[in-house]
Amino acid sequence: MYTLRGVSRSWQLDAVEIPALVDVTVAFAPGEATAFMGPSGSGKSTLLHVAALLDPPTRGGVWLDDREVSALGDDARSALRLRTLGFVHQTYPMMAVLTPRENVALPAIWSGTPRKAALERAGALLASVGLDSMADRDVRTLSGGQRQRVAIARALVNRPQVVFADEPTAALDSATGAAVLDVLFGAAREVGAALVLATHDASVAARADHVLHLDGGRLVPRLGVVGTGRA
Ligand SMILES: Nc1ncnc2c1ncn2[C@@H]1O[C@H](COP(=O)(O)OP(=O)(O)O)[C@@H](O)[C@H]1O
Ligand SMILES: [Mg+2]
């Protein structure tokens, strides 16, 4: 189980402390999807970045089972992020000198998988997201939806326990976005990962098992949402 316990994150602006996330406690179970909703500036990206160990909490901790992983040193935290966590950003800047297959294989190669095995796994993942025929193309010829599917395959290549996705379809039209979400939810379920999404789109959140609302960095208790964990 991956948990945030009493997590706060503030930013220091001159003498003023600006709270972006306030005392958030939440658990992400394997195989389940959780969506965070809230208006712009409500703390969704901050929550995902702190949870994914890209940014340290100012209070509280992030735990993987009985380990406080946010308290690890830089090297251990990077290694854990690489092997255990996946992150799909709103848009993913791919390395144009590499093919989609090589882009997807990189995190596996970085974590010590032999190159040939990593490229094979990348090819299988690209097939599972419907990009079999694009695996060796020039990435600059890919559409936005195809790039997001490459980003999803890349986030999953090390079979992570938790996959984070920050507004993963915000840059796509709604039909392409729906297809990308099908791939993201299906792929996360297949590897048994917990999926954690940020979105301001209710139709995206409706696909998740749990929908939680943020306002001013705090979880908003709503009847029928917090408590049962279901929308
Ligand atoms: N690097 C930063 N420096 C200062 N303030 C930040 C930084 N990142 C986010 N914030 C502030 O934290 C709050 C939450 O932002 P964010 O998590 O990006 O919200 P959302 O993703 O819901 O739009 C906002 O008030 C924002 O201005
Ligand atoms: Mg955001």
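The values are calculated or read from the model by the stated rules, or taken from the named source; none is laboratory data. This one's a predicted model, so the numbers in the text were calculated from it and none came from an experiment. Counting neighbours? That spans all protein chains shown, and the Cβs are built from the backbone with ideal geometry, glycine included.
Could you say whether any residue in region 71-78 is away from ligand 1 (no atom under 16 Å from the Cβ) and within 14 Å of V7 (Cβ to Cβ)?
yes
Among the strands (runs of 3 or more DSSP E) contained in region 1-60, which hold 3 or more residues that are among the polar types (S, T, N, Q)?
Details: elements: 2-13, 16-28, 33-37.
Ranges flagged: 2-13.
Which of the residues belonging to region 46-92 are in contact with a strand residue (DSSP E or B) (Cβ under 7 Å, 6 or more places away or on another chain), touching a residue at least 12 places away in the same chain (Cβ under 8 Å) and surrounded by fewer than 16 Cβ atoms within 10 Å (Cβ to Cβ)?
R59
Scan region 11-25 and tell me whether some residue there is within 13 Å of ligand 2 (Cβ to nearest atom) and of a type in the set (A, V, I, L, M, F, W, C).
Yes, region 11-25 contains a residue that is within 13 Å of ligand 2 (Cβ to nearest atom) and of a type in the set (A, V, I, L, M, F, W, C).
Name the single residue, out of those in region 167-208 being within 27 Å of R121 (Cβ to Cβ) and out of contact with any helix residue (DSSP H, G or I) (no Cβ under 9 Å at 6 or more places or on another chain), that is farthest from ligand 2 (Cβ to nearest atom).
Applying the filter and picking the extreme gives G192.
How many residues does region 93-112 hold that are free of Cβ contacts under 8 Å to residues at least 12 places away in the same chain and not in a helix (DSSP H, G or I)? Lay out the reasoning, then the answer.
Looking only at region 93-112, we keep the residues that are free of Cβ contacts under 8 Å to residues at least 12 places away in the same chain, and these are 93, 97, 109, 112.
Subset that is not in a helix (DSSP H, G or I): 93, 97, 112.
Within region 93-112, residues that are free of Cβ contacts under 8 Å to residues at least 12 places away in the same chain and not in a helix (DSSP H, G or I) number 3.
What about D74, is it at positive phi, over 16 Å from the mean Cα position of the chain (by Cα) and away from ligand 2 (no atom under 16 Å from the Cβ)?
no
In region 192-203, how many residues are buried (at least 18 other Cβ atoms within 10 Å of the Cβ) and either over 14 Å from the mean Cα position of the chain (by Cα) or more than 16 Å from ligand 1 (Cβ to nearest atom) (or both)?
Going through region 192-203, the residues buried (at least 18 other Cβ atoms within 10 Å of the Cβ) turn out to be 193-199.
Checking the rest, the ones that are also either over 14 Å from the mean Cα position of the chain (by Cα) or more than 16 Å from ligand 1 (Cβ to nearest atom) (or both) come to 193-195.
The qualifying residues number 3.
Select from region 37-59 the residues that are under 16 Å from G6 (Cα atoms) and either of a type in the set (S, T, Y) or more than 16 Å from ligand 1 (Cβ to nearest atom) (or both) and list them in ascending order.
Answer for region 37-59, where residues must be under 16 Å from G6 (Cα atoms) and either of a type in the set (S, T, Y) or more than 16 Å from ligand 1 (Cβ to nearest atom) (or both): T46, T58.
Which condition does K44 not pass, out of (1) within 24 Å of A187 (Cα to Cα); (2) away from ligand 2 (no atom under 16 Å from the Cβ); (3) among the charged types (D, E, K, R), if it passes all the others?
The number of the failed condition is (2).
Tell me, please, whether a residue that is within 20 Å of H210 (Cβ to Cβ), in contact (Cβ under 8 Å) with a residue 12 or more places away in the chain, within 16 Å of ligand 2 (Cβ to nearest atom) and among the aliphatic types (A, V, I, L, M) can be found in region 2-9.
no
Please work out if D66 is over 18 Å from the mean Cα position of the chain (by Cα) and farther than 18 Å from N158 by Cβ.
yes
Would you be able to say whether some residue in region 141-162 is over 26 Å from V97 (Cα atoms) and outside any loop (DSSP other than H, G, I, E, B)?
yes
Might you let me know whether region 23-36 holds any residue that is at pLDDT 95 or above, in contact with a Gly (Cβ under 8 Å, 6 or more places away or on another chain), closer than 19 Å to F87 by Cβ and within 13 Å of ligand 1 (Cβ to nearest atom)?
Within region 23-36, one or more residues are at pLDDT 95 or above, in contact with a Gly (Cβ under 8 Å, 6 or more places away or on another chain), closer than 19 Å to F87 by Cβ and within 13 Å of ligand 1 (Cβ to nearest atom).
May I ask you to verify whether P168 is in a loop (DSSP other than H, G, I, E, B) and over 21 Å from S42 (Cβ atoms)? Give the derivation first.
On the way: in a loop (DSSP other than H, G, I, E, B): yes; over 21 Å from S42 (Cβ atoms): no.
No: the conditions fail for P168.
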